[in-house]
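The structure appears right after this line, and notes come after that.
No lab work stands behind these numbers, since they all come straight from the coordinates. Remember, it's a predicted structure, so these values are computed and weren't measured experimentally. Neighbour counts run over all protein chains shown; Cβ positions are idealised from the backbone, glycine included.
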Amino acid sequence: MTQNNRERVVVVGAGHGGGLTVAFLRQFGYAGEITLIGEETVLPYQRPPLSKAWLKGEVSQESLALRPPAFYVDQNIDLHLGVRAERIDVQARHVVLASGQEIPYDHLVLATGAHARTLPIPGVQLSNVMTLRTLVDAEHIRSALGPGKKLIIIGGGYVGLECAATARALGVEVTVLARAPRLLERVASEPVSAFLQRFHESKGVTFRLNAVIEAILGDTRAECVLLTDGTQLSCDAVLVGVGAIPTASMAQAIGLRCDDGIVVDADCRTSDPHIFAIGDVAKRPHPLYGRELRLESVPSCMEQAKRVAACITGREPAAAEVPWFWSDQYDLKLQIAGLPFEADETVVRGNPDEAKFAVFHLRAGHIVTVEAINAPPEFFAGKKLIGSGKTVAGDKLKDSTVPLTDLAA
């Protein structure tokens, strides 16, 4: 793609995806103008530490930043922080801010992310009922934690479990309510979810599974959570972690193809050739699975940011990566590679009782997913084998005395 110094890329969304996109554009030699628009007042920053190190007070805002302030000055990146992009004028090709200011673009990148899903129950508006998506959210949560405080977490997903681990480390009494019959029902295997529940319980976390919430009770602040069976659980704060919804309203308003996110092609280009979408808001085809996927993960976000920058600058994009994810809880490192579509065999390698094991999911002898708890060698070997497509001998895979280098059949 030919570019000139008078071209302008506008990136809407100054989160992880937006921050990576502007950095990769300059790294890949883009010489035109770059404008970054974000609703938060702070520079792009890392999100994963919010549920862990930030709540513990172990990191500063400066240490979370993807790049220091000088980077944006040195790279001539025009920042519009603390402002909202209101709409897109596709005919004139400009973004209209809430202030009425119009910013023209040659290429537009939507990195608008996702927003926390809310619960349709009374009481969610109370001041100490919280969600976690931003630094402001994390600071709100941190102020509510302390020894002896009672925190109720609604949702048995990764964010809830990470916050539960952090809260316990701070001396908080934690109860996790999950509607499903087990933790992480949609995103982890039964051996992993069972292990994590046992481990959290050993640290003092209380779980109520198959829990249906009637209301959150209190005048201005939540004082207890009422379940449909009549149980009332007292609390000092409530954290709702029941997933996120892609922030795609601007894309929908201009008629871009959307389906649980903004649908894009392999280069992250939308149905409008001048507009790209990346990160949690984007749903893209994945060659390893032959289907469109919306993946909420930092590695996926980074891969997409590189692809957009490569497309705009005329570079050859890198090959698609095996999707991978991670979660830190206490001294546990959970690493997952791949997605278990149509798996027909599950193999556990190692001993869950020793908090060091891996669960492999196979389809016709090929590894499609590995879930590793404190087992980096298994994670990396599994990730490599997923990418290579090699068949694996299941009996060797299960036998932890067999070297990982001998796993390929």
Quiz prompt | Candidates per trypsin sites (Lys or Arg not before Pro) in region 112-159, loop by DSSP, up to 14 other Cβ within 10 Å | solution = Arg117
Quiz prompt | Sorted by Cβ density within 10 Å, fewest first, the residues Leu362, Leu36, Leu97, Leu20 | solution = Leu97, Leu362, Leu36, Leu20
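Please go through region 5-72 and write out the trypsin sites (Lys or Arg not before Pro) that DSSP classes as loop and that have at most 16 other C-beta atoms within 10 Å.
Details: sites: Arg6, Arg8, Arg26, Lys52, Lys56; in loops: Arg6, Lys52.
Here the trypsin sites (Lys or Arg not before Pro) that fit, given the DSSP loop and packing criteria, are Arg6.
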Exercise. Can you tell me how much longer the chain between Phe71 and Arg142 gets when fully stretched, taken as 0.36 nm per residue apart minus their C-alpha distance, in nm with one decimal?
Key: 22.6 nm
Practice problem: Please give the contour-minus-distance gain from Asp106 to Ile245: 0.36 nm per residue of separation, less the Cα-Cα distance, rounded to one decimal in nm. | Solution: 47.2 nm
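Quote the relative contact order of the chain in percent (integer), defining contacts as alpha-carbon pairs under 8 Å separated by 6+ residues.
Details: 895 pairs, mean separation 56.3, N = 409.
Result for the chain is 14 percent.
For Asp344 and Ile121 in one chain, what is 0.36 nm times their gap in residues minus the Cα-Cα distance, to one decimal in nm?
Details: separation 223, 0.36 × 223 = 80.28 nm, distance 3.88 nm.
Fully extending the segment from Asp344 to Ile121 adds 76.4 nm.
Give, rounded to the nearest 20 debye, the magnitude of the charge dipole that the chain has about its Cα centre when Lys and Arg contribute +1 at Cβ and Asp and Glu contribute -1 at Cβ.
With Lys and Arg at +1 and Asp and Glu at -1, about 260 debye.
Work through the residues other than Pro104 whose Cβ is under 10 Å from its Cβ and net out their charges, Lys, Arg +1 and Asp, Glu -1.
Working: positive: Arg8, Arg93; negative: Glu33, Asp89, Glu102, Asp106.
Neighbourhood net charge equals -2.
Suppose a student asked you for the relative contact order of region 331-406, using Cα pairs under 8 Å spaced at least 6 residues apart; what percent would you report? Can you show the working numbers first?
Details: 147 pairs, mean separation 23.3, N = 76.
Answer for region 331-406 is 31 percent.
Helix hunt in the chain: which complete DSSP H runs extend at least 15 Å axially by C-alpha with mean Kyte-Doolittle at least 0.5?
Numbers: long enough: 16-27 (16 Å, 0.27); 158-169 (17 Å, 0.61); 190-202 (18 Å, -0.46); 298-313 (22 Å, 0.42); 376-388 (18 Å, -0.03).
Counting only whole DSSP H runs, the qualifying helices are 158-169.
Taking region 344-409, which chymotrypsin sites (Phe, Trp or Tyr not before Pro) meet the DSSP loop condition and have no more than 15 other C-beta atoms within 10 Å?
Details: sites: Phe357, Phe360, Phe379, Phe380; in loops: none.
The qualifying sites: there are none.
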Quiz item: With labels modelled as points extended 7 Å from the Cα through the Cβ direction, what inter-label distance (nm, one decimal) is found for Lys333 paired with Glu62?
Solution: 2.8 nm
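Rounded to the nearest 5, what % of DSSP beta bridges with both residues in the chain are antiparallel?
Rounded to the nearest five, the antiparallel share is 60 percent.
Please arrange Arg349, Arg291 by how many other C-beta atoms lie within 10 Å of their C-beta, fewest to most.
Numbers: Arg349 22, Arg291 11.
The most exposed by this proxy come first: Arg291, Arg349.
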Quiz item: What spacing in nm lies between the two simple spin-label points modelled at Glu214 and Glu86, each 7 Å away from Cα in the Cβ direction?
Solution: 4.5 nm
Exercise. Neighbouring Cβ atoms within 10 Å as the yardstick, rank Lys283, Lys203 fewest first.
Key: Lys203, Lys283
